[in-house]
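Peer 1: Attaching a single structure in structure tokens format; questions to follow.
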Amino acid sequence: MPAEMMIQCENLTKKFGNFTAVDHVSFSVTKQSIFGFLGPNGSGKSTVIRMLCGILEPTEGTGSIAGHDVSRETDAIKGSLGYMSQKFSLYDELTANENLQFYAQLYGLRGPAMKQRRDELVALAHLEPYIDQRAGLLSGGWKQRLAMACALVHKPSVLFLDEPTAGIDPVARRELWDLLFELSSAGMTLFVTTHYMDEAERCTHVGYIYMSKLIVCGSPDDLKKLPAVNPPGTKRLDVTSDHVTVALRAVRKMEGIRAATVFGQSMHLLLDESMPEQSIRDTLGGVGIHEVDIRPIGPSLEDVFVLLTRQHAGGQ
Amino acid sequence: MTFQMPKFLRGFRAILYKEFIVMFRDRTTLFFMFFPPLLQIIAFGFALDNDVKHMAMAVYNEDRTTESRQLVDAFVNTQTFRVVKEVNSLDELEAMVRRGKANVGLDIPPDYTRKLRAGKKADVQVLIDGSSSTIALQALNTALGVAFQRSVSILLGETDRRELPVEVRPQVLYNPSMRAPNFFVPGVIGTALQIATVFAAAMSVVRERERGTLENLLVSPMSRWGLMLGKLVPYLCVSMTMALFLFTILRWVFFVPIHGSLVMLFVASFLYIFALISLGLLVSTKAESQNEAMQMSMTIMLPSIFFSGFIFPRETMPWIFYAISTVLPATYFIELMRAIILRGAGFLEFWRHLLILALMGGVLFALCAGRFKRKIG
């Protein structure tokens, strides 16, 4: 049985005057996926989300949520989508509890049904300790949880999250992702924009938008196997040593090294397949570094996006 | 038992619930809704009192006789003037007026008594500072009155008549003491309500736009009528409370008697406030930022202050300003207030004004709900 398509868009385009914010973007997201949408600031990520949520009219192309067209069947999509915007969209003067009740009422929940749903969400997002706190006084992490809970009041089947982890501490970030996996396994489809590569690695599918165009789309593993990312006749090595910056300078002078980037205590090299590991050890020995650990690695998603961006920028 | 909201009102209860909480927690908005109108009615009520009394008068009495002193007393007895200084030259008299030390300078020439006794015309010069028209006008009228009265009593003494041949007996209806507060304060209520109400409503939707909460409202199944009614009702409640305060001040601080029916007073206020909030909401749906909303409301409100008949009578306006005044809700409200409060006018005489206010409110509200886009950008 083919997977059910929850989000689909075809040639989705948005122009603001002469500026094309989104340029013929096409992709689809299957049920229960966690789709990571990446791209630099201003590349059109939020614009795509707004069009898919039915609050921004596409200039060209179509989008659909659970089979309903986003610009023609606006009322039909409202019940099935949840949206957590960049600014969290909470009312600062209202307490966490009141924010939840407000959004619940907005979606037509009343009386005992509203209270029951509120209690479920409070438990899901672990909001008990801050339930009577004004939203304006919550820290970033708690605001984000509350906003998330508010976006879930009507049990949407598709949830859009626009940079949910921007400015959030690592613990809160980890917890949010745990929650996202939980929701996904319960059948929800998630669409998340982010700048963090570690978050992208956790997605089942990623799309990369650059200069208003969708450059690439697929599972992280598929993207890492792209020929553009793995030029023929090359290999990747992780080289761990002391004085990594000294090592980097020495290695960059060698012939056959195509790219070298530092990752903490080690560096990632893209080099000619024919180069023996010994030549690297020799060069590093020449600058006084003898303790060297070398092992082969595959490309990371960051490698994928950096290479594709360069290629795309160069190709224009 | 649950009563299901009709589809076109979806979201009304939620917005209402939220707006009431926000309104009472957001102290700044509440303060700015209540404080300026109260300040305005107090300040205008006291300052716009143009019954000028005891204005400063400098006297240059060159004649120094009983008759000339009687003339000065006649001026003072009107209660319009008080003598601040007796000067000794015409230059000094002019300087007093120029420096603003005196509003009026009275110069009685040395031959005043001689000419009177000889049955000739005696000239008395009165210098009036014309830089304040209210003061100048009153000084002029009073001075002419004094001269006229003196002349008449002298003439009567020369004839055998005891009384004036013709006497006008004026009777001022509805504001018999011609107190300025009676005339101004009902008007101030119109402008005071307008400033607070329009600003507050103009901020309401645009603030959600700036904070980003509007996006979430648009994503939800809320209807635009639900949103607008949910915004309208709380502001209507607060502004009606405000109106109650203002009427209380009118009655018990400025002692302006209310001759008409209180019910009609509140119906008029309700319709006026409904029109004002709708106007504010319309601004709010059009403006992109709070700053823009502020400027747009200012642009709309300034004509109301000048052309509504609040300060200048509409009847003497050039036709273009008169035309503007006919589309301002404030014009009808202020006329209604003066009619109800001062003249005790009833529903039958002024139902047209009420109808016009209701229509204005209805049309403006329909416009802001009807033209509010459920999309952004």
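Peer 1: By count of other Cβ within 10 Å, fewest leading, how are A:Asp119, A:Asp162 ordered?
Peer 2: Neighbour counts put them in this order, fewest first: A:Asp119, A:Asp162.
Peer 1: How are the C-alpha pair distances of the range A:1-158 spread across 5 Å bins, as whole percents from the shortest bin up?
Peer 2: Binned Cα distances yield the sequence 2, 9, 16, 18, 17, 15, 13, 8, 3, 1, 0.
Peer 1: Mean-square fluctuation check for chain B, GNM, Cα pairs under 10 Å: which of B:Phe254, B:Phe148, B:Phe306 is largest?
Peer 2: Of the options given, B:Phe148 has the highest mean-square fluctuation.
Peer 1: From Cα pairs below 8 angstrom and at least 6 apart in sequence, can you work out the relative contact order of chain A, rounded to a whole percent?
Peer 2: Details: 567 pairs, mean separation 57.4, N = 316.
Relative contact order here is 18 percent.
Peer 1: Something else about it: Apply the Karplus parameterisation 6.51 cos²θ - 1.76 cosθ + 1.60, with θ equal to phi minus 60°, to every residue of the range B:239-244 and state each ³J(HN,Hα) to the nearest whole Hz, in sequence, with x for glycine and proline.
Peer 2: Per-residue couplings from phi come out as 5, 5, 4, 4, 4, 4 Hz.
Peer 1: Still on this model: Given q = 0.10, 0.16 Å⁻¹, what are the Debye log10 I(q)/I(0) values for chain A, with equal point scatterers placed on the Cα positions and solvent ignored?
Peer 2: -0.68, -1.25
Peer 1: Output needed: percent of Cα pairs per 5 Å distance bin for the range A:270-316, bins running from 0 to the one holding the longest distance.
Peer 2: Going from the shortest bin to the longest, the percentages are 5, 16, 18, 15, 16, 13, 11, 5, 1.
Peer 1: Taking every residue in A:74-87, how many Cβ atoms of other protein chains lie within 10 Å of its Cβ, on average?
Peer 2: Numbers: counts 5, 5, 0, 1, 6, 2, 0, 2, 3, 5, 2, 6, 2, 6.
Per-residue shielding by partner chains comes out at 3.
Peer 1: If I fit a long axis through the Cα atoms of helix B:133-158 and take the longest principal axis of the Cα atoms of chain B, what angle between them do I get, 0 to 90°, rounded to 10?
Peer 2: 30 degrees
Peer 1: Compute the Cα gyration tensor for the range B:107-194, then decide on rounded, prolate or oblate, letting a ≥ b ≥ c be the square roots of its eigenvalues: rounded whenever a/c is under 1.5, prolate when a/b is larger than b/c in the other cases, and oblate in all that remain. Can you show the working numbers first?
Peer 2: Numbers: a/c = 6.64, a/b = 1.83, b/c = 3.64.
It is oblate, given that a/c is not under 1.5 and a/b is not larger than b/c.
Peer 1: Just from the alpha-carbon atoms, what are the Rg and Dmax of the range B:274-355 in angstroms?
Peer 2: Final numbers for Rg and Dmax: 14.7, 44 Å.
Peer 1: Given N residues in the protein assembly as shown, what is its alpha carbon radius of gyration divided by 2.2 N^0.38 Å? Each step should come with its number before you reach the end.
Peer 2: Working: Rg = 39.8 Å, N = 693, 2.2 N^0.38 = 26.4 Å.
Against the empirical 2.2 N^0.38 Å value, I get 1.51 for the protein assembly as shown.
Peer 1: Taking the Cα centre of the range A:194-314 as the origin and placing charges on Cβ (Lys, Arg +1; Asp, Glu -1), which of A:Val306, A:Gly288, A:Ser241 is farthest toward the positive end of the dipole?
Peer 2: A:Val306
Peer 1: Run the Debye formula on the Cα coordinates of the range A:180-260, all scatterers equal and no solvent, and tell me log10 I(q)/I(0) at q = 0.13, 0.14, 0.16, 0.20 1/Å.
Peer 2: -0.66, -0.74, -0.86, -1.03
Peer 1: A further question follows. Of A:Lys31/A:Lys235; A:Lys78/B:Lys286; A:Lys225/B:Lys375; A:Lys45/B:Lys286; A:Lys87/B:Lys375, which pairs sit farther than 29 Å apart, going by alpha carbon to alpha carbon?
Peer 2: Values: A:Lys31/A:Lys235 36 Å; A:Lys78/B:Lys286 24 Å; A:Lys225/B:Lys375 41 Å; A:Lys45/B:Lys286 26 Å; A:Lys87/B:Lys375 18 Å.
In this structure, A:Lys31/A:Lys235; A:Lys225/B:Lys375 exceed 29 Å between Cα atoms.
Peer 1: Between the alpha-carbon centers of the range B:17-33 and the range B:236-269, tell me the distance in whole angstrom.
Peer 2: Between the Cα centre of the range B:17-33 and that of the range B:236-269, the gap is 23 Å.
Peer 1: What is the ratio of the Cα radius of gyration of the range A:151-297 to 2.2 N^0.38 Å, where N is its residue count, to two decimals? Walk me through the numbers on the way to the answer.
Peer 2: On the way: Rg = 20.2 Å, N = 147, 2.2 N^0.38 = 14.7 Å.
It is 1.38.
Peer 1: For the protein assembly as shown, give the share of DSSP beta bridges that are antiparallel, in percent and rounded to the nearest 5; count only bridges with both residues there. Let's see the in-between values first.
Peer 2: On the way: 43 of 70 bridges.
The antiparallel proportion sits near 60 percent.
Peer 1: Would you mind finding the longest exposed-site-free stretch of chain B, with exposed GluC sites (Glu not before Pro) meaning DSSP loop and at most 11 other Cβ atoms within 10 Å? Show your work: numbers first, answer last.
Peer 2: Working: sites that count: B:Glu163, B:Glu167, B:Glu288.
The answer is B:1-162.
Peer 1: Here's something else I'd like to know. What percent antiparallel are the DSSP beta bridges of chain A, to the nearest 5?
Peer 2: Values: 39 of 56 bridges.
The antiparallel fraction comes to roughly 70 percent.
Peer 1: Could you give the distance between the Cα centres of the range B:139-203 and the range A:16-63, to the whole Å?
Peer 2: Taking the Cα centre of the range A:16-63 as reference, the centre of the range B:139-203 is 71 Å away.
Peer 1: May I ask you to list the chymotrypsin sites (Phe, Trp or Tyr not before Pro) in the range A:26-106 that are in a DSSP loop and have at most 13 other Cβ atoms within 10 Å of their Cβ?
Peer 2: none
Peer 1: Percent antiparallel among DSSP beta bridges with both residues in chain B, to the nearest 5? Walk me through the numbers on the way to the answer.
Peer 2: On the way: 4 of 14 bridges.
That works out to approximately 30 percent antiparallel.
Peer 1: Just flag the trypsin sites (Lys or Arg not before Pro) in the range A:241-278 sitting in loop per DSSP whose Cβ has no more than 11 other Cβ atoms within 10 Å.
Peer 2: On the way: sites: A:Arg249, A:Arg252, A:Lys253, A:Arg258; in loops: A:Lys253.
Within the range A:241-278, the qualifying trypsin sites (Lys or Arg not before Pro) (loop, at most 11 other Cβ atoms within 10 Å) are A:Lys253.
Peer 1: Longer than 30 Å from Cα to Cα, which of A:Lys213/B:Lys231; B:Lys53/B:Lys120; A:Lys15/B:Lys373 are they? Say none if no pair is.
Peer 2: Values: A:Lys213/B:Lys231 40 Å; B:Lys53/B:Lys120 33 Å; A:Lys15/B:Lys373 19 Å.
Going by Cα-Cα distance, A:Lys213/B:Lys231; B:Lys53/B:Lys120 fall outside the 30 Å limit.
Peer 1: Which of the trypsin sites (Lys or Arg not before Pro) across the range A:116-195 are loop residues per DSSP, with 16 or fewer other Cβ within 10 Å?
Peer 2: Details: sites: A:Arg117, A:Arg118, A:Arg134, A:Lys143, A:Arg145, A:Arg173, A:Arg174; in loops: none.
The qualifying sites: there are none.
Peer 1: Compute the relative contact order of chain B as a whole-number percentage, counting only Cα pairs closer than 8 Å that sit 6 or more residues apart in sequence. Display every interim value, and only then the final one.
Peer 2: Numbers: 498 pairs, mean separation 77.3, N = 377.
Taking the mean separation of contacting Cα pairs over the length of chain B, I get 21 percent.
Peer 1: With a sphere of radius 12 Å drawn around the Cβ of A:Pro220, what net charge do the other residues whose Cβ falls strictly inside it have (Lys, Arg +1; Asp, Glu -1)? All intermediate terms of the calculation are to be shown ahead of the outcome.
Peer 2: Working: positive: A:Arg202, A:Lys224, A:Lys225; negative: A:Asp198, A:Glu199, A:Glu201, A:Asp221, A:Asp222, A:Glu302, A:Asp303.
Every neighbour counted, the sum reads -4.
Peer 1: For the charge dipole of chain B, defined by +1 on Lys and Arg C-beta atoms and -1 on Asp and Glu C-beta atoms about the Cα centroid, which residue among B:Phe306, B:Ile356, B:Ala122 has the Cα displaced farthest towards the positive pole?
Peer 2: After comparing all options, I get B:Ile356.
Peer 1: Using only alpha-carbon positions, what ratio does the radius of gyration of the range B:291-336 give when scaled by 2.2 N^0.38 Å?
Peer 2: For the range B:291-336, the normalised Cα radius of gyration comes out at 1.18.
Peer 1: Using only Cα atoms, locate the centre of the range A:181-230 and the centre of the range A:265-308, then give the distance between them in Å, rounded to an integer.
Peer 2: 26 Å
Peer 1: If chain B were replaced by its equivalent ellipsoid, with semi-axes equal to the square roots of 5 times the Cα gyration tensor eigenvalues, what would those be, largest first, whole Å?
Peer 2: Values: eigenvalues 678, 97, 52 Å².
In descending order the semi-axes read 58, 22, 16 Å.
All of the numbers you see were taken from the coordinates with simple rules; none came from a lab. Keep in mind that what you see is a predicted model, and the values were worked out from it rather than measured. As a convention, Cβ positions derive from the backbone with ideal geometry for all residues, glycine included, and neighbour counts pool all protein chains shown.
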